[in-house]
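Chemist: Shown below is the structure under consideration.
The values are calculated or read from the model by the stated rules, or taken from the named source; none is laboratory data. What you are looking at is a predicted structure, and each value in this text was computed from that prediction instead of being measured. Using ideal geometry, Cβ is built from the backbone for each residue, glycine included, and neighbour counts are taken over all protein chains shown. Calculation scope for accessible area: heavy atoms of the full protein, side chains included, ligands and nucleic acids excluded. Shrake-Rupley method; radii C 1.70, N 1.55, O 1.52, S 1.80 Å.
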Amino acid sequence: AVDLTGRPLDLLQSAGEKATVVVFLSFDYPVSNSYVAPLNALARDYAGRGVKVVGVVPTDDPPEAIRKQAAGFELAFPLVLDPKLTTVDALKATTVPQAVVLDAEKVVRYRGRIDDGYAARLKPKPVTSRDLVAALDAV
């Protein structure tokens, strides 16, 4: 993975986090974009609990293009690019948006949806299952 300046970045580098949430996103996909606000809230809410949230964009687009796409979202978490899909492969991501929760030892404890609101973003309905939050609380 590389940061938005194009420098290599180790996502799994530990800074004493109890958990790391890696969320695969695409700013070209409206459903993925609709999760940015809830992810911002999650990043803020869990920061004091030792949880780091990182957004991963699996693309070989130039960092400048992704910076421009992400600019309006006021992200509360760092964003990295995965041009060679090494993070996608390592964490077995299959879609966007998708979340992976790693514990302090970097063991995958959850991989899946953020919540059951995916369909709600297509047709309005309330979110009834916050899967990512439940996984974080369990870790």
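Chemist: Just to confirm, what accessible area per residue do you get for the chain at 1.4 Å probe, in whole Å²?
Modeler: Details: 7360 Å² over 139 residues.
Heavy-atom accessible area per residue stands at 53 Å².
Chemist: Oh, and also: Computed over the Cα atoms of the chain, what is the convex hull's projected area averaged over all directions, in nm²? Mind dumping the intermediate values first?
Modeler: On the way: hull surface 31.4 nm².
Approximately 7.9 nm², given one-decimal rounding.
Chemist: Based on a Kirkwood Rh over C-alpha pairs, give the Stokes-Einstein translational diffusion coefficient of the stretch 42-111 at 20 °C and viscosity 1.002 mPa s in µm²/s. Walk me through the numbers on the way to the answer.
Modeler: On the way: Rh = 13.4 Å.
The calculation lands on 160 µm²/s.
Chemist: What figure in square angstrom, to the nearest 10, would you give for the accessible area of Glu64 with a 1.4 Å probe?
Modeler: The accessible area of Glu64 comes to roughly 110 Å².
Chemist: If you take the charge dipole of the chain about its Cα centre, with +1 on Lys and Arg Cβ and -1 on Asp and Glu Cβ, which of Pro58, Val2, Leu75 is farthest toward its positive end?
Modeler: It is Leu75.
Chemist: Could you give the size of the charge dipole of the stretch 1-114 about its Cα centre, using +1 on the Cβ of each K and R and -1 on the Cβ of each D and E, expressed in debye and rounded to the nearest 20? The partial results should precede the final answer.
Modeler: Details: 13 positive and 13 negative charges, 68 e Å.
Its charge dipole is roughly 320 debye.
Chemist: Right, something else. Run the helix sum for the chain: -39,500 (n - 2.57) per DSSP H stretch of 4+ residues, divided by residue count, reported at 222 nm to the nearest 500 deg cm²/dmol. Walk me through the intermediate numbers first.
Modeler: Values: 6 runs with 44 residues, N = 139.
One gets -8000 deg cm²/dmol as the mean residue ellipticity at 222 nm.
Chemist: Top to bottom by accessible area (1.4 Å), largest first, where do Tyr35, Tyr110 land?
Modeler: On the way: Tyr35 5, Tyr110 45 Å².
Ranked from most to least accessible, the order is Tyr110, Tyr35.
Chemist: Still on this structure, I have one more. With an 8 Å cut-off on Cα pairs and a minimum separation of 6 or more residues, tell me the relative contact order of the chain in percent.
Modeler: Values: 244 pairs, mean separation 39.9, N = 139.
Computed over the chain, the figure is 29 percent.
Chemist: Please say if the stretch 1-57 is rounded, prolate or oblate, where rounded means a/c under 1.5 for a ≥ b ≥ c the square roots of the C-alpha gyration tensor eigenvalues, and otherwise the choice is prolate for a/b larger than b/c and oblate otherwise? Walk me through the numbers before you get to the answer.
Modeler: Numbers: a/c = 2.65, a/b = 1.13, b/c = 2.34.
The shape class here is oblate.
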